[in-house]
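Here is the structure we will look at.
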Amino acid sequence: MKRLSVKSESSTGFNKVLHDNRLGFNMTINQAVKKVENGLYPNYHVRTQQDTGKKFIASNPDRSKRNNLG
């Protein structure tokens, strides 16, 4: 089972609320980004959108599509 899933996104598709499926709680994208940056979700990394500077989360590359956000 994937650790994080998207619960809400903006009209442009930007993730706004994520859900921790293991611990059972929701968090904003900003909260999730901080947790990933602090190493609490080791299978994910933070990217920055070049044109807006917004930070977002992506799953680390592997052969599985089951653990991707979405």
Quarter of the surface of the C-alpha convex hull for the range 4-59, i.e. direction-averaged projected area in nm², equals 3.7
Quick one: compute the contact order of the range 4-59, relative version, from alpha carbon pairs under 8 angstrom and 6+ residues apart, as a percent.
22
Relative to the Cα centre, what is the charge dipole magnitude of the chain, using +1 at the beta carbon of each Lys and Arg, -1 at the beta carbon of each Asp and Glu, and rounding to the nearest 20 debye?
180
Which of T28, Q49, S5 sits farthest toward the positive end of the charge dipole of the chain, with +1 on the Cβ of Lys and Arg and -1 on the Cβ of Asp and Glu?
S5
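Read the figures in this text as sums done on the coordinates, not as results from a lab. Quick caveat: nothing in here was measured; it's all calculated off a predicted structure. Positions of Cβ are generated from backbone atoms using ideal geometry, with glycine treated the same way; all protein chains shown enter the neighbour counts.
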